[in-house]
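The structure under discussion appears below in the form of structure tokens.
Coordinate-derived values only; no laboratory data. As the structure is a computational prediction, the values presented were derived from the model and not from experiment. Because the Cβ atoms are built from the backbone with ideal geometry, glycine has one as well, and the counts that use them run over all protein chains shown.
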Amino acid sequence: MSSKAYFGTDGIRGVAGEPPLDPATVYAVGLALGEDLASRGGGAIVLGQDTRESSPWIAETLAAGAADRGIRAVSAGVITTPAIAYLTRTGDFAAGVMISASHNPYRDNGIKVFGHSGYKLPDAEESEIEARLDRYLAAGVTPRRLPLAATAGLHDRYVEFLAGRLQNGGGPTPLAGLRVLVDCGHGAATSVAAEVLRRLGVAPVMMSDRPNGRNINDHCGALYPEVMAARVPQLGVDAGLALDGDADRVILADAAGRIVDGDRVLFIAARFLQAHSRLLPPRVVGTVMSNLGLELALRPLGIALDRAPVGDKYVLESMLASGAVLGGEPSGHVIFRHDATTGDGLLTALRVFEVMAREKASLADLAAPFQPFPQKLVNVRVREKKPLAEIPAVQSAIAAAEGHFGSEGRVLVRYSGTEKLARVMVEAASAADVERHSAAIAAALQAALGE
């Protein structure tokens with residue numbers, strides 16, 4: 001991973017209207033991306049956006065910059081990030097751009113770029129675009145907007161793709177008769193979720209599906225899955241799913257309202273694929289945040305767990321390097337490489353529901369063999385991202401925890417790639433020890449760097 005000034009682990013992200021998402025910089029991003037694509041043979045880009053109030057002007061400003069370098073933008077309107085990845089790799093597009101800040105609050109926004117392959121751009125190409133961007137900003141730009149209208153047919157192509165992953169000809173699907181609660185997080189999934197599920201014979205009960213530009217991720221969706229989970233037993237449905245703002249990740253809940261996170265989804269999917277000789281090679285890619293319990297649950301099945309840096313981009317890179325067909329993060333980014341090039345919350349839910357149907361088992365039964373270690377995640381808002389090795393008190397707190405746990409626990413302290421946060425993760429067999437050491441490390445961080 002190279003050091004970049006604009007692109008983080010999931011594109012360019014910030015507060016809408018402020019650098020790097022002010023009109024001048026967004027327009028310059030369009031110019032830089034357009035110039036990059038023109039140098040590689042040209043072609044059109046497909047643009048999607050989530051439901052934030054800032055998404056339309058950001059999309060129009062970037063499209064204007066690209067157009068000023070000879071690159072036409074085709075709008076897919078409000079649609080999910082995985083939909084843009086799919087449309088880019090299956091259509092006549094040189095690149096795809098999604099305007100979204102995923103799970104962040106509505107004031108934030110972001111720019112995610114996919115190559116024609118459907119994969120996020122490699123670090124080297126992002127660095128080249130950044131160099132062009134800096135040159136444009138140094139020379140000065142006058143931003144403008146290019147009005148966009150959604151192109152007919154793009155939405156339908158993605159719906160057909162998702163439904164087609166489980167449809168067998170014209171007969172009933174394995175999911176027919178399933179009842180589920182769907183929390184769209186007032187985000188991009190509101191444009192497709194109900195339609196896809198009904199096509200497959202699923203009866204969805206919808207919630208958080210009325211976006212107003214400011215309610216995206218607001219105490220709903222994958223960031224607050226407990227809201228959805230609490231309603232599942234009240235409604236008597238078979239399962240629930242909560243999607244984030246751009247629907248590239250999902251958190252599930254079983255019929256009793258118990259959370260089924262990305263680690264549990266990886267376990268369920270890996271065991272099913274292994275049993276049907278479809279997990280080749282027999283390995284799964286998680287991240288440094290994946291629970292130690294996942295590793296221990298997979299081991300008796302003959303399945304290895306590789307750990308990548310946090311970020312579905314880096315999970316995918318590890319999958320491609322090892323040939324793994326399944327990977328993901330506890331946060332609900334899960335990649336089924338036979339199906340898609342990026343995490344897709346709806347696809348992930350469909351694949352889990354397929355296992356339920358084919359195994360004739362409840363979600364609770366499928367998840368039961370995986371017993372996670374107690375784990376605590378603490379976010380500390382910081383004023384700067386000073387190298388952790390240069391903070392003695394933090395290093396001392398980490399060393400104390402690691403010395404206490406030995407091989408029976410893990411400690412991970414890192415900075416967020418998209419926000420001014422330090423993230424502390426501690427897991428071990430004893431919940432009390434986890435609580436004590438995570439609090440001590442977070443307190444040291446707060447004292448040294450807290451806002």
Spatial separation of Cα centroids for segment 335-377 and segment 120-198, in angstrom: 21 Å
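When only DSSP loop residues count, what chymotrypsin sites (Phe, Trp or Tyr not before Pro) in segment 361-451 have their Cβ near at most 12 other Cβ atoms within 10 Å? Working shown, then result.
Values: sites: F370, F405, Y415; in loops: F370.
Filter output for segment 361-451: empty list.
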Neighbour-count order for M206, M98, M289, fewest beta carbons within 10 angstrom listed first: M206, M289, M98
Segment 7-151: radius of gyration over Cα atoms, expressed as a fraction of 2.2 N^0.38 Å: 0.91
Ranked by how many other beta carbons lie within 10 Å on average, peptides 119-131, 216-228, 302-314 from highest: 216-228, 302-314, 119-131
Cβ-defined net charge surrounding E130, 11 Å radius [Lys, Arg +1; Asp, Glu -1]: -3
Under the Karplus curve 6.51 cos²θ - 1.76 cosθ + 1.60, θ = phi - 60°, whole-Hz ³J(HN,Hα) for segment 398-408, x wherever Gly or Pro sits: 5, 4, 4, 5, 5, x, 6, 7, x, 8, 9
Largest-first principal axis extents of the Cα set of the chain (Å): 64, 58, 40
Packing-based order for 242-251, 139-148, 429-438, using average beta carbon neighbours within 10 Å, highest first: 242-251, 429-438, 139-148
Mean Cα-pair separation over length for the chain, i.e. relative contact order, pairs under 8 Å, 6 or more apart, %: 13 percent
Segment 271-394, Rg to Rh (Cα coordinates; Rh as Kirkwood inverse mean 1/r): 1.03
The chain - mean residue ellipticity at 222 nm from DSSP helices (-39,500 (n - 2.57) per run, n ≥ 4, rounded to 500): -12000 deg cm²/dmol
For segment 231-287 versus segment 93-112, the gap between their alpha-carbon centres in whole angstrom: 24 Å
